[in-house]
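Student: Provided herewith is a single structure, encoded as structure tokens, for subsequent inquiry.
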Amino acid sequence: ETLDQKRVWQEISNDMSSHSPMDRLLCGDVGFGKTEIAIRTAFRAILNGKFVLVLAPTTILAQQLESSFKDRLKSFGAHINSVSRFKTKGAVQKIKEAWSAGKIDVLVGTHAVLYDDIYLNNIGLIVVDEEHRFGVKQKEKIRSIKHTIDVLSMSATPIPRTLNLALAGIREISTLNTPPKSRLPIETQVSYLNDALIKAAILNEKYRNGQLFFVHNDVKTLPNYVAYLQKLLPAISIDIINGQMPSRKIEFVMSRFIN
């Protein structure tokens, strides 16, 4: 634990012990331990006999959160599941039945779960990951139900309105400013386009069983760079992704990348 994590956890514990519902915004850079705090918050809610809804802005993030929650809580006998577009209607129906019967402790999903009242029954805590990526309608829906339940919102870059509410004292705010001990600082190097340098960087990642993004700023010429990299490094597996592709295709490629 970093000192920040200890302090934030104490703040959340005090919120959950108080008579009024928690409405806390947790800010911190990627990798500074927001998810760990969220998992502990969910665990405390579970121990108090409450059910937890975890919201993510995309299906891929929802899958990652489900995996993180399972890894941390499986040894305590907590039941974690998720609903997403990747699951069949039959599978989602079974999850709904299990949730209604109280057999799932933590349910992870995208904003779609906010519009099905089945998921909103009996919850004691909502965790909102990357709150800045949710739209006004979703935030209004959360606001309409949060008078009786605890809400923990997480954001690396809170939008001005969210930040303003926190600074005005309408919402509580916690910050994680300290990186964990094992987290190394990011090194940025600026260089000319150089075959040898690109080859060395990619092979360095491959030999340490890593992965990488090759980012280019023009959709039309992206295939040319794929051909260039394939010629430079024939043994490397490469896939392509851009914002003009259908969302299903983007999710399919990204889930392959993550897995």
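The values are calculated or read from the model by the stated rules, or taken from the named source; none is laboratory data. Treat the numbers as computed from the prediction; the structure is a model and nothing was measured. Virtual Cβ from ideal backbone geometry, glycine too; neighbours counted across all protein chains shown. Quick note on the areas: whole protein, heavy atoms, side chains included, nothing else; ligands and nucleic acids left out. Shrake-Rupley method; radii C 1.70, N 1.55, O 1.52, S 1.80 Å.
Student: Considering the range 9-28 alone, what residues qualify as being part of a helix (DSSP H, G or I) and touching a residue at least 40 places away in the same chain (Cβ under 8 Å)?
Tutor: E11, I12, D15, M16
Student: Sticking with this one: Which ones in the range 1-34 are among the hydroxyl-bearing types (S, T, Y) and open to solvent by 60 Å² or more (accessible area, probe 1.4 Å)?
Tutor: Of all residues in the range 1-34, those among the hydroxyl-bearing types (S, T, Y) come to 2, 13, 17-18, 20.
Matches in the range 1-34: S17, S20.
Student: While we're here: Can you tell me which of I80, I37 is over 25 Å from R256 (Cα atoms) and buried (at least 18 other Cβ atoms within 10 Å of the Cβ)?
Tutor: Among I80, I37, only I37 is over 25 Å from R256 (Cα atoms) and buried (at least 18 other Cβ atoms within 10 Å of the Cβ).
Student: OK, next. So, in the range 207-235, exactly how many residues are open to solvent by 100 Å² or more (accessible area, probe 1.4 Å), of a type outside the set (A, V, I, L, M, F, W, C) and closer than 25 Å to N259 by Cβ?
Tutor: So the answer is 5.
Student: Still on this structure, I have one more. Just name the residue that is nearest to P57 (Cα to Cα) out of those in the range 93-111 that are aliphatic (A, V, I, L, M) and either surrounded by 15 or more Cβ atoms within 10 Å (Cβ to Cβ) or in contact (Cβ under 8 Å) with a residue 60 or more places away in the chain (or both).
Tutor: V108
Student: Write out, first by first residue and then by second, each pair whose Cβ atoms fall under 7 Å of each other, whose residues are 6+ apart or on separate chains, and whose first residue, in the range 214-242, is farther than 20 Å from L203 by Cα and in a helix (DSSP H, G or I) while the second is polar (S, T, N, Q) and open to solvent by less than 60 Å² (accessible area, probe 1.4 Å).
Tutor: As it stands, the answer is L222/N242, since those pairs meet every condition given.
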